[in-house]
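The values are calculated or read from the model by the stated rules, or taken from the named source; none is laboratory data. No experiment lies behind these values; they were computed from the predicted model shown. Note that each Cβ is placed from the backbone with ideal geometry, even for glycine, and that neighbours are counted across all protein chains shown. Note: accessible area is taken over every heavy atom of the protein model, side chains too, but ligands, DNA and RNA are not part of it. Shrake-Rupley method; radii C 1.70, N 1.55, O 1.52, S 1.80 Å.
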Amino acid sequence: QRLKKFDPFMFDLVVCDEAHHGRASTKTMYGRVFAHFRQNPRCKFLGVTATPDRHDGIALGNLFETVAFDYSIRDGINDGYLVPMVQQMVTITSLDLNTVGTYMGDLAAGSLDEVMSTERNLLGVAYPTLELAGDRKTLIFCAGVQQAHRLADILNREQPGCARAVDGNMNKNIRRQLMDDFADNKFQFMTNCNI
């Protein structure tokens, strides 16, 4: 209903962050916003995203006519803004993803968190992490909140006090303190979900 407060002919430009969520359908929030402002044929639209690939495979060309600027991860590395990636694969023999469904092309987060939070699979992550990280400060992205907290517990079992977990549901003051402590090297491993 808020769209009715904005006369589309009063705007020349609409900037859409996280444009990969956009859809032409007026059944979505993005679609309704685009449709409202497209009533003004002079209005331009700029979509910005770090992840241009949509989960449903629909091209962003349905919403935007051209790519005005493309800056890849490789460009960021070459320009010195990002560190070069060094990948090391770890095989977790106990991991079975057959029970994990998919949602919009990705593994379903809830059931993936359940599978990744089993003791055997957590140990399959924890031991190689301890070995490969050495004494380097390490940020660990987890499939879910349960995995983040259980993995931190297991790391702390092996090296007491080495890990903390943060997630999007935590009190923001506690989360901020943990992030400050991590930045101040008070512990080595930070597991996280949705942060």
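Spot the failing condition for residue 121; the list is (1) open to solvent by 30 Å² or more (accessible area, probe 1.4 Å); (2) touching a Ser or Thr at 6+ places or on another chain (Cβ under 9 Å), and only one is missed.
(1)
Just the residues that are open to solvent by less than 70 Å² (accessible area, probe 1.4 Å) and either assigned to a helix (DSSP H, G or I) or at pLDDT 85 or above (or both), please, taken from region 104-118.
Those that are open to solvent by less than 70 Å² (accessible area, probe 1.4 Å) and either assigned to a helix (DSSP H, G or I) or at pLDDT 85 or above (or both): 109, 110, 111, 112, 113, 115, 116, 117, 118.
Please verify whether residue 167 is of a type in the set (Asp, Glu) and open to solvent by 70 Å² or more (accessible area, probe 1.4 Å), treating the condition exactly as stated.
no
Mind listing whichever residues of region 157-179 are in contact with a Leu (Cβ under 6 Å, 6 or more places away or on another chain) and of a type in the set (A, V, I, L, M)?
Listed by number, the residues that qualify are 163, 166.
Please find, within region 127-150, the residue that is least open to solvent (accessible area, probe 1.4 Å) out of those that are more than 17 Å from residue 166 (Cα to Cα) and in a helix (DSSP H, G or I).
133
Just the residues that are in a helix (DSSP H, G or I), among the β-branched types (Val, Ile, Thr) and under 22 Å from residue 134 (Cβ atoms), please, taken from region 152-195.
Of everything in region 152-195, just one residue is in a helix (DSSP H, G or I), among the β-branched types (Val, Ile, Thr) and under 22 Å from residue 134 (Cβ atoms), namely 154.
Taking region 74-103 as the region of interest, how many residues are open to solvent by 80 Å² or more (accessible area, probe 1.4 Å), at pLDDT below 90 and aliphatic (A, V, I, L, M)?
Of the residues in that region, 3 qualify.
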